[in-house]
Amino acid sequence: MTTGDCNDDAASVEKADAEHIGEVQSAPGGSPNSIVPLRGPNIMDRRELLGVLGAAGLVAVIDLNGHAQHEGHRGKVYEDCLKACEACERSCNETFHYCYTQVAAGKKEYAKALHLVADCAKFCDLSADLIASQSPLMVHACLACAEACKACATECDKLDSAEMKSCVKACHECETTCRAMVKAMGHDYHG
């Protein structure tokens, strides 16, 4: 195969590709194989496109300003709730280990708390993740987290030890901030 054959093959491939993309026409002042894109009646010119984008851009800027003001109002609530959920998750995980050692030592009264702190930690983790990503579903997670924290605190409060009291405190703080988050998002709760 010679160099001329390769050039002919490349030209035929380009021509076949051009047929899929646009029409192969002889453009004024161009070579006979110039590619001129097809232009149909549905293609916007630049002025129309800028007009549409300009209007959309204006709407987006107005929406972002309103959203930023709304977010600024709830920013402290978000931050407080995120921190409380993370702290409560950590406390519940630490309390889980403590409850486990107590159950292993034969103290069966820690068994229910063992399960509740494990479950509560999962609710706190989910809520923290959804708050951090500002998911529209975080309101549901926060409401469920508040209920989980309430149940966990109630059970842990029955057991007299510093570890359990520390968990109760973290659960109460998390419940309070989760309920504040739900309220800040414009939802009501029953509890």
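Below is a table of values for the structure above.
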| item | result |
| --- | --- |
| LEU130 being under 18 Å from GLU175 (Cβ atoms), modelled with pLDDT of 95 or more, of a type outside the set (S, T, N, Q) and touching a Leu at 6+ places or on another chain (Cβ under 8 Å) | yes |
| Test for LYS112: is it closer than 22 Å to GLU79 by Cβ, at pLDDT 95 or above and over 26 Å from the mean Cα position of the chain (by Cα) | no |
| Odd one out for CYS124 among (1) surrounded by fewer than 22 Cβ atoms within 10 Å (Cβ to Cβ); (2) touching a residue at least 24 places away in the same chain (Cβ under 8 Å); (3) over 15 Å from GLU163 (Cβ atoms) | (1) |
| Count of region 61-107 residues which are at pLDDT 90 or above, β-branched (Val, Ile, Thr) and within 23 Å of the chain's Cα centre (by Cα) | 1 |
| Top-ranked residue of region 143-154 - restricted to ones that are free of Cβ contacts under 8 Å to residues at least 24 places away in the same chain and under 26 Å from VAL103 (Cα atoms), ranked as surrounded by the most Cβ atoms within 10 Å (Cβ to Cβ) | ALA153 |
| Residue list for region 155-191, filter: within 17 Å of PHE96 (Cβ to Cβ) and either among the hydroxyl-bearing types (Ser, Thr, Tyr) or touching a strand residue (DSSP E or B) at 6+ places or on another chain (Cβ under 6 Å) (or both) | SER161, SER166 |
| Meets criteria (hydroxyl-bearing (Ser, Thr, Tyr) and either under 20 Å from HIS187 (Cβ atoms) or in contact with a strand residue (DSSP E or B) (Cβ under 8 Å, 6 or more places away or on another chain) (or both)) for TYR78 | yes |
| Index of the failed condition, ASP119 passing every other in (1) assigned to a helix (DSSP H, G or I); (2) closer than 17 Å to VAL182 by Cβ | (2) |
| Residue count for region 140-174, restricted to those that are over 16 Å from GLU89 (Cα atoms), part of a helix (DSSP H, G or I) and of a type in the set (A, V, I, L, M) | 1 |
| Options ASP119, ASP129: the member that is over 18 Å from VAL77 (Cα atoms) and under 31 Å from the mean Cα position of the chain (by Cα) | ASP119 |
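The values are calculated or read from the model by the stated rules, or taken from the named source; none is laboratory data. Everything quoted here is computed from the prediction, not taken from an experiment. Quick reminder, even Gly has a Cβ in these numbers, built from the backbone with ideal geometry, and neighbours come from all protein chains shown.
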